[in-house]
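Student: Let me begin by handing over the structure; questions about it come next.
The values are calculated or read from the model by the stated rules, or taken from the named source; none is laboratory data. Not measured: the values here are computed from a predicted model. Here the Cβ is made from the backbone with ideal geometry for all residues, glycine too, and neighbour counts use every protein chain on show. Quick note on the areas: whole protein, heavy atoms, side chains included, nothing else; ligands and nucleic acids left out. Shrake-Rupley method; radii C 1.70, N 1.55, O 1.52, S 1.80 Å.
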Amino acid sequence: MVIFEFLVGGLIAFIVTLPALFLPVAGKKQNYQLFPLFCFHLINISALYALLIFMFGSVSLGCAVSVILFYIFSVISCIKYDILQEPIYFSDIISLGTLVKNPKFFIFSIPFIGWLVLIVIALCIPTSLWYCFSINVDLRIYALVLICFSYLGYKTFFIRYRITEPDWQRDVGRFGVLGMLIAYWKCWKEQAPPVPLSVKGGKAKADIVLVVQCESFASPSIFCDPKARNIALPFFKRAEHQAVARGSLLVSGFGAYTMRTEYGVLFGRTEAELGFCCYDPFLTAQRDQTYALPYQLKAAGYHTVFMHPHSLEFYGRGQLMPEIGFDVVDDCAALQSAPRAETYISDTTLADEIIERLETATSPLFLYAVTMENHAPWPGAPSEALGHYLRHLQNSDAMLGQLMKWFEGQNKSALLVFFGDHRPSIRGIAYQNKKRSTPYVAVSFPIKSKEPIVSDLTPAKLHHLIRDFSVEFV
């Protein structure tokens, strides 16, 4: 009787969670392959159900909690897809601890009904656990057997469906979001590190190389709202006119995933080369040390500085940046009491801090700065949120103007590179197109009159442009 109850509970959990596989987590036109989709779902739900039974000793609780957890996971993936056009990845789970410590980065995206459901679940599960918990040994033996069968199912499945390169649109249709997550995590764990580069000898070609990664910086023309048409970015336009290179930066993320753009510019490796590391390349960036700009520019004689006016805990920057060649890693703690642009330290305040560092440089300097002012959330209804964003965007433009004015007043050779890490995702606001690109500009000082190189670059190609302008290899 107990084993019958155990099997029926698992069957119910499997059937009830089937609709969650078809939620719009990967677009409305997803191409589903039903056989592998159902097989992998059976393995996943069996493993989750058996684990909960082993923990709680209750069929009813194991069935209910496995269904609830699966639907919570699926709905969160739907919300993420709606905002960022991507489902949940294994890298999101790995970084969950940091995200939970900083709820302001996601709390605005959870609708009221979502909070209501989470509160009800938070109250019901402990009560149900107290009421249903059992020390039934037989149930736990059955659960342990099912866990073993699930493990064998995973091994068989991964042999049958070998994945050689990431393509989440394809694999969500074959394995479901949870199945894709598990499969990609396994491939990520097994992926070999790149062969270290032999850093060539070279010498500095400039007194200063300043790279500014501007949070959510994009052209106002990406929005359909008429108010965006009246927003001018005069300093960026002037920088484009005086640039040695300008164009669109072909970033892969929309509304998030700063680290993908940052990694590409710092390390120069394409997402194709990254393979399954492409979703959060900072998780494995320590082993790519020799590819990093600061590592290579330091070998050419530059003093290297990283500046970011926010917690360096994100993406493990505090530990990573010194290991890849930055002599100084500055979280701008001295600016925490400075006037803010609503939530974050303003870009113009950060520009002042950058200029202070530039003025005290006594040797060739490579400075990589990351801004925060344009980061979500933007308060209010969609139109009001857009207004907030556009005002911050103008401050970013003013920051660029400050930096250019300082360089123009110096008798130093320098390269200034300014770019957006991704477009903003403002819910309820219409965009002109589904492109993800942001603008970039590279200005060489002293300014010389010549036609700029107009080219659309990936972050990895921008890395090579910066390196070629900064180092003379011998």
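Student: In the list SER425, SER437, SER363, SER444, which residue meets the criterion of being surrounded by fewer than 14 Cβ atoms within 10 Å (Cβ to Cβ) and touching a residue at least 60 places away in the same chain (Cβ under 8 Å)?
Tutor: Selected residue: SER363, the only one of SER425, SER437, SER363, SER444 that is surrounded by fewer than 14 Cβ atoms within 10 Å (Cβ to Cβ) and touching a residue at least 60 places away in the same chain (Cβ under 8 Å).
Student: Name the one entry in GLY253, GLY264 that is at pLDDT below 95 and open to solvent by less than 10 Å² (accessible area, probe 1.4 Å).
Tutor: Answer to the check: GLY253.
Student: Taking the range 368-398 as the search range and keeping residues that are hydroxyl-bearing (Ser, Thr, Tyr) and crowded, with 20+ Cβ neighbours inside 10 Å, which one is nearest to CYS214 (Cα to Cα)?
Tutor: If we take residues in the range 368-398 being hydroxyl-bearing (Ser, Thr, Tyr) and crowded, with 20+ Cβ neighbours inside 10 Å, then THR371 is nearest to CYS214 (Cα to Cα).
Student: Here's something else I'd like to know. Return yes when GLU342 is open to solvent by 50 Å² or more (accessible area, probe 1.4 Å), touching a helix residue (DSSP H, G or I) at 6+ places or on another chain (Cβ under 8 Å) and modelled with pLDDT under 95 and no when it is not.
Tutor: So GLU342 fits the description; yes.
Student: Please enumerate the residues belonging to the range 1-14 that are closer than 15 Å to ILE68 by Cβ and open to solvent by 50 Å² or more (accessible area, probe 1.4 Å).
Tutor: Selection gives ILE12 alone.
Student: Do you know which of the residues in the range 53-90 that are farther than 22 Å from PHE175 by Cα and among the aliphatic types (A, V, I, L, M) is most open to solvent (accessible area, probe 1.4 Å)?
Tutor: In this case the residue turns out to be MET55.
Student: Would you point out which residue out of ASP225, ASP167 is acidic (Asp, Glu), in contact (Cβ under 8 Å) with a residue 60 or more places away in the chain and open to solvent by 10 Å² or more (accessible area, probe 1.4 Å)?
Tutor: Of the residues listed, the single one that is acidic (Asp, Glu), in contact (Cβ under 8 Å) with a residue 60 or more places away in the chain and open to solvent by 10 Å² or more (accessible area, probe 1.4 Å) is ASP225.
Student: Taking the range 425-473 on its own, how many of its residues are under 25 Å from GLU86 (Cα atoms), assigned to a helix (DSSP H, G or I) and hydrophobic (A, V, I, L, M, F, W, C)?
Tutor: To start, the set of residues in the range 425-473 that are under 25 Å from GLU86 (Cα atoms) comprises 425-440, 456-462.
The next check asks that each one be assigned to a helix (DSSP H, G or I); those that pass are 459-462.
Then drop every residue that is not hydrophobic (A, V, I, L, M, F, W, C), which leaves 460, 462.
Qualifying residue count, the range 425-473: 2.
Student: Further, regarding this structure: Determine whether the range 184-201 contains at least one residue that is among the small types (Gly, Ala, Ser), open to solvent by less than 20 Å² (accessible area, probe 1.4 Å) and in contact (Cβ under 8 Å) with a residue 24 or more places away in the chain.
Tutor: no
Student: Restricting attention to the range 302-328, and to residues there that are open to solvent by 40 Å² or more (accessible area, probe 1.4 Å) and either part of a helix (DSSP H, G or I) or at positive phi (or both), which single residue is modelled with the lowest pLDDT?
Tutor: Among those that are open to solvent by 40 Å² or more (accessible area, probe 1.4 Å) and either part of a helix (DSSP H, G or I) or at positive phi (or both), it is TYR315.
Student: For the range 226-238, check the following and say yes or no: at least one residue is under 20 Å from ARG436 (Cβ atoms), assigned to a helix (DSSP H, G or I) and touching a helix residue (DSSP H, G or I) at 6+ places or on another chain (Cβ under 9 Å).
Tutor: yes
Student: Residue pairs, Cβ under 6 Å, 6 or more apart or interchain, first in the range 85-102 and outside any loop (DSSP other than H, G, I, E, B), second open to solvent by 60 Å² or more (accessible area, probe 1.4 Å) and at pLDDT 90 or above. List them.
Tutor: That search, which allows pairs on different chains as well, returns PHE90/TRP185.
Student: So if I check each of ILE453, ILE466, which one is over 22 Å from SER363 (Cβ atoms) and out of contact with any Cys (no Cβ under 7 Å at 6 or more places or on another chain)?
Tutor: ILE453
Student: Hey, another quick one. With respect to TYR315, is the statement that it is within 26 Å of ALA243 (Cβ to Cβ) and touching a Phe, Trp or Tyr at 6+ places or on another chain (Cβ under 7 Å) true?
Tutor: In short, no.
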